[in-house]
1. Residues that are exposed (fewer than 13 other Cβ atoms within 10 Å of the Cβ), of a type outside the set (Ser, Thr, Tyr) and not in a loop (DSSP other than H, G, I, E, B): does region 31-48 have at least one?
2. Give the residue that is farthest from the chain's Cα centre (by Cα), with candidates limited to residues of region 1-10 that are surrounded by fewer than 19 Cβ atoms within 10 Å (Cβ to Cβ) and assigned to a helix (DSSP H, G or I).
3. Contact list please: Cβ distance under 6 Å, first residue in region 19-41 and over 16 Å from Ala150 (Cα atoms), second residue hydrophobic (A, V, I, L, M, F, W, C), pairs at least six apart or on different chains.
4. From the list Gly138, Gly100, pick out the single residue that is outside any loop (DSSP other than H, G, I, E, B) and farther than 24 Å from Arg187 by Cβ.
5. Restricting attention to region 44-62, does a residue exist that is touching a helix residue (DSSP H, G or I) at 6+ places or on another chain (Cβ under 8 Å), farther than 21 Å from Leu131 by Cα and at pLDDT 95 or above?
6. Would you please name the residue that is modelled with the lowest pLDDT, looking only at residues in region 11-30 that are under 18 Å from Tyr91 (Cβ atoms) and assigned to a loop (DSSP other than H, G, I, E, B)?
Amino acid sequence: MRFLRRVHAEWLLIFPRLTRTRHGVSLLGLGILLVWLSSHGLDPLAVALHAGALGAVIGAAYAAAGESDRAALGVALTHPTTPLAIATGRYLAAVVPAAGLVIATTVAVGGQPARAAAGVLAAAAVGSCALAAVLAFGSAAAVPLFLLMAGAGAIPPERLVDLAHPGVVRLAAASALELGPALWHYRDIAAGDVGAIVHALAWAGLGVLLASAMVARQRVVVHR
């Protein structure tokens, strides 16, 4: 119960972030754009997946990307809490609004519950990795990750490997798309693929653990 109270205390940051920053406006703009793209040919499953993944990246950026945000984590660790509780709370603050965006856009485009579930799991997986990335590298990590998920993340890795001369960079990109959280992989969630579901849940858990390690580093910085 004590751990859950600590997580809840961090999760409460969601409300001022949504109302006093551009977080809420950014999610609204993303939702409008995806619905518009749906009317111009983007399939409903892609809408749900992009809403979850891109919304989670935006949420992670507003939850912990700023230097002041990361510095505040070190101060928070001087109080009775733990790095895992802080990381979990910030993770939920990033992912819950993205999940809400998935549901809203799915309803708007007439999608099915299975597609919404795929989008929510995509948000869970991508959000945890995005949180760890912005905690490690700051806001500089948010934009490349957003663009990766918006574009290459939806491309199956075999398309890169099948190129005549893929090169080291393309092979590395294909490996990242194969092993890491990627929207092409999570399309199978809508069809009930257990492997894709496990993949998303595994990355969600791993990302939170990595984010917890990044939070713990702030304790060292503060004590220096």
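The values are calculated or read from the model by the stated rules, or taken from the named source; none is laboratory data. This structure is a prediction, so every number in the text was calculated from the model and none was measured. Using ideal geometry, Cβ is built from the backbone for each residue, glycine included, and neighbour counts are taken over all protein chains shown.
1. yes
2. Ranking the candidates gives Arg2 first.
3. Once the first residue is over 16 Å from Ala150 (Cα atoms) and sits in region 19-41, its partners that are hydrophobic (A, V, I, L, M, F, W, C) give Gly24/Leu18.
4. None of the other options fit; the residue is Gly138.
5. No; the residues of region 44-62 include none that is touching a helix residue (DSSP H, G or I) at 6+ places or on another chain (Cβ under 8 Å), farther than 21 Å from Leu131 by Cα and at pLDDT 95 or above.
6. Leu13
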